[in-house]
Amino acid sequence: MATVHKINEDLVKERQKCTFNVQELTYLLDGGEEVTKERREFENILRNVKELQDEVPEVYLSHKERYENAVRKTCILQNVRNDFEKKREVLSPRNIFRAGYAVIKDVSPFFLHNGMFVPTIIGQGTPEQQAEWLPKAKAMAIIGTYAQTELGHGTFIRGLETTATYDAKTEEFILNSPKVTSYKWWPGGLGTTVNHCITVAQLYINGKKYGIHPFIVQIRDLETHKPLPGIKVGEIGPKMGFATANNGFLGFQNFRIPRKNMLMKNAQVLKDGTFVKGMNEKLTYGTMVMVRVNIVSDSAFHTAMAATIAVRYAAVRHQSQLKAKEPEVQIIDYLTQQHKLFIAIATSHAFSNTYTWLYQAYLKVVEDLGKQKQDHLPELHALSCCLKATSSRDAGVIVEQCRLACGGHGYMASSNLPIIYGYTTAAITYEGEHTVLLLQTARYLMKAWMSALEGKVLAPSVAYLVDWLKSDKQRWQNTPEVIVKGFQHVAAGKIKDAFDAIQKHVKAGKDYEDAWNLASVQLIKASEAHSRAILCDGYLRETVRTSSSVSPSLAKVLNHLVQLYIVYWTLETAGDLLVYSNIGKDDIAVLKEKYEELLALIRPNAVGLVDAFDISDEILQSTLGSYDGRVYERLMEEAMKSPLNKEPVNQSFHKYLKPFIKKAKL
Ligand SMILES: CCCCCCCC/C=C\C/C=C/C(=O)SCCNC(=O)CCNC(=O)[C@H](O)C(C)(C)COP(=O)(O)OP(=O)(O)OC[C@H]1O[C@@H](n2cnc3c(N)ncnc32)[C@H](O)[C@@H]1OP(=O)(O)O
Ligand SMILES: Cc1cc2nc3c(=O)[nH]c(=O)nc-3n(C[C@H](O)[C@H](O)[C@H](O)COP(=O)(O)OP(=O)(O)OC[C@H]3O[C@@H](n4cnc5c(N)ncnc54)[C@H](O)[C@@H]3O)c2cc1C
């Protein structure tokens, strides 16, 4: 029977102080009581699978052992998941995703299978192709990944070099990687796990290039798992994080696949080699849009994990005295600590709220595309790019801030903060590099600005540009609504400045492309300001909407959090607001006080707020962040698992140290 430990007294007191019902907030964050119950049920099943408990902590395993252990556990997880899903229709696939963290400490080598391989078959395959591949993929009779990036090109996908040349005689495509730079590089699970992949390649028919298209390719024998003839595949080696993601490389040499393996929901190649264009060639990029939307939700979760660890630790940790002769204080009582941590909680809420509406917008576009309507696609692309970029970047900063807030112990692997940082920061690069995605949004913003100048009706997310052009800047008030308008004014002002900068360079004789490059620092700033305005506006709206359906005590706390988020970003971007809005120095002084008041208001609820994220100890995997707060005991218990502590004297003493010391004595 597992030993039940006493909960740390500070945490007991913190929980008694809480002014709202923690469970009510958990249900709200999960999307309903039923979803929470389902999540807990699934996590509970996993908790009781003995084979999923690691005897030796993963960090002490070799690269190879770590991978093998991850595959072993992922297979068990998948079986448990299949059994669970056989009994019911799962309410929230994200519940299943989240539970995965309890099993694989780092990233699962199967992640790309469910994350991109299956969605690409759904998003890019015809009904016939779906009928052929989906049942096998869903049952994991075939395991796949998404192989797009190459050694030479990740961002500029029109420049990919892998070729798929159609041979009408045999009705096949011949895949080739002409140069070392054409090798696929990065796909998760590709190294040694998957037997299939979606390969994105340049299509050639009769010597003519038709751009990049997705192909479904079997790369390994299903029985022996050996690479098929014509395939060169392997693992790319250790990285900053993602230790168990099994990222791989892949090259093709005259590798033939049947015509039906080109995913043809959009463009098609007919038997005789006729190319049929799709409604919009950018629909080929559809899986990336979906994943970018999901990254906003991942960022919310990663931020919640880090906040939970750092807030609980800050409640348990005592260090220094505020006043002489008084006991050492809980570090959470230092205002600077609250400044580091409470924004982490609010940021997670901001991203969850944003994901809620962004995901609905994504579903609407998918539904419209089914009816051959694509009016909202450009807006969704622009939103998903800048919100992916901003949420992953902010999450990276917040996770690092939480690590710093834990002092030296935050640097321990057993705090789990280094691993969380590893996968949070990776998201800033993957699925579209940060700057590149901001520039995609900027492209949309420049067009929107032009339309605003022409008096056209704009899409809702940029409609503020029209308002800004029409009205004088409104009188400043320190209310959330007016501050959000202020963020919109900053965005509009920066968009105008970037636009004018491009025009200036063009007038001076530059090509538009060069002018774009010369203005690109301003363009990314405009895009960032637009993201912040969208995040604050959406978060405020969602909070107002939900506040009417929750208890008054919870509504109050949610209101404190959204205000904190908005005031925090006002103070962070005060310089911009002074330039582009009517805010005055005195308003900023008042907001500084307001910010301190908000920290004080949130303080009694800090532990309750992170408890409401309801992240189990198995998922957190942190000595510093566990629910019971046994920080020091856990740190010691984990240290004792070090193989170096298994013997009183390490052999290196006899081999090297002893002779070395002896020599030094002479
Ligand atoms: C324990 C678990 C922990 C969690 C772990 C998670 C693990 C997950 C890990 C990793 C998964 C990672 C996977 C990947 O990274 S897959 C590879 C992703 N690669 C990219 O994202 C590449 C980025 N590049 C691009 O998307 C494009 O090259 C581009 C958009 C930057 C440029 O494309 P290009 O064709 O050159 O277009 P233009 O710039 O010329 O624009 C033309 C036109 O097209 C519009 N447009 C571009 N993209 C889209 C789109 N997706 N949808 C709709 N429209 C699009 C663009 O706006 C332009 O429009 P215009 O201005 O009106 O002309
Ligand atoms: C952990 C991880 C997992 C991944 N998983 C997968 C996967 O499963 N499948 C897959 O296909 N890929 C995967 N990738 C690859 C990933 O999608 C690419 O690394 C990413 O899209 C960035 O491309 P890049 O590496 O070519 O960067 P580059 O484009 O070479 O970026 C280098 C620098 O150049 C700048 N730059 C590039 N183009 C421009 C421009 N037009 N304007 C201004 N600046 C520019 C960038 O801002 C950046 O600072 C993964 C990557 C990582 C790190």
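The values are calculated or read from the model by the stated rules, or taken from the named source; none is laboratory data. The shown structure was predicted, so the numbers you read here are calculated from the model rather than taken from an experiment. Quick reminder, even Gly has a Cβ in these numbers, built from the backbone with ideal geometry, and neighbours come from all protein chains shown. All accessible areas refer to the heavy atoms of the entire protein, side chains included, with ligands and DNA or RNA removed. Shrake-Rupley method; radii C 1.70, N 1.55, O 1.52, S 1.80 Å.
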### Query
If you bin every alpha carbon distance in the stretch 38-113 into 10 Å steps from zero, what whole percent lands in each bin?
18, 53, 24, 5
#### Entry: Å² of accessible area per residue within the chain, as computed with a 1.4 Å probe and no ligands counted
47 Å²
### Summary
Checked against a 28 Å limit on the C-alpha separation, the offending pairs among 105/658; 209/388; 87/260; 86/271; 323/592 are 105/658; 209/388; 87/260; 86/271
### Query
Of the GluC sites (Glu not before Pro) in the stretch 60-139, which ones lie in a loop per DSSP and count no more than 10 other C-beta atoms within 10 Å?
89
### Task
Treat the stretch 115-278 as a sphere of radius equal to its Kirkwood radius over Cα pairs and apply Stokes-Einstein at 20 °C in a medium of 1.002 mPa s; give the translational diffusion coefficient in µm²/s, rounded to a whole number.
136 µm²/s
### Query
How far is the Cα center of the stretch 118-175 from the Cα center of the stretch 56-106, in Å?
26 Å
### Task
For the stretch 433-473, run through the trypsin sites (Lys or Arg not before Pro) and keep only the ones in DSSP coil with at most 10 other Cβ atoms within 10 Å of their Cβ.
456
### Query
Taking N as the number of residues in the stretch 538-619, what is its alpha-carbon radius of gyration divided by 2.2 N^0.38 Å?
1.30
## Note on the structure
Per DSSP, the loop-located trypsin sites (Lys or Arg not before Pro) within the stretch 594-666 having at most 16 other beta carbons within 10 Å are 641, 646
### Query
Which whole-number percent gives the relative contact order of the chain, counting Cα pairs below 8 Å spaced six or more residues apart?
16 percent
## Note on the structure
Checking rank on 480-490, 605-615, with mean other Cβ inside 10 Å and highest first, the result is 605-615, 480-490
### Expected-Rg normalisation [2.2 N^0.38 Å, Cα atoms] applied to the stretch 1-91
1.46
### Query
For the chain, what percent of Cα pairs sit more than 44 Å apart?
28 percent
### Task
Let me have the relative contact order for the stretch 38-113, percent, based on Cα pairs under 8 Å that are six or more residues apart.
49 percent
### Query
Any number yet on Rg/Rh for the stretch 125-217, C-alpha, Kirkwood?
0.98
### Summary
A 1.4 Å probe over the protein heavy atoms gives the chain a carbon and sulfur accessible-area percentage of 56 percent
#### Entry: Calculated over the stretch 334-481: convex hull of Cα atoms, volume per residue (Å³)
146 Å³
### Message
Within the chain, which whole H helices from DSSP have a Cα span along their axis of at least 24 Å and a mean Kyte-Doolittle hydropathy of 0.0 or more, if any?
### Response
286-316, 335-370, 377-405, 434-453, 552-572, 585-602
### Query
With a sphere of radius 10 Å drawn around the Cβ of residue 193, what net charge do the other residues whose Cβ falls strictly inside it have (Lys, Arg +1; Asp, Glu -1)?
0
### CD proxy at 222 nm, helix term only [per DSSP H run n ≥ 4: -39500 (n - 2.57); per residue of the chain; nearest 500]
-17500 deg cm²/dmol
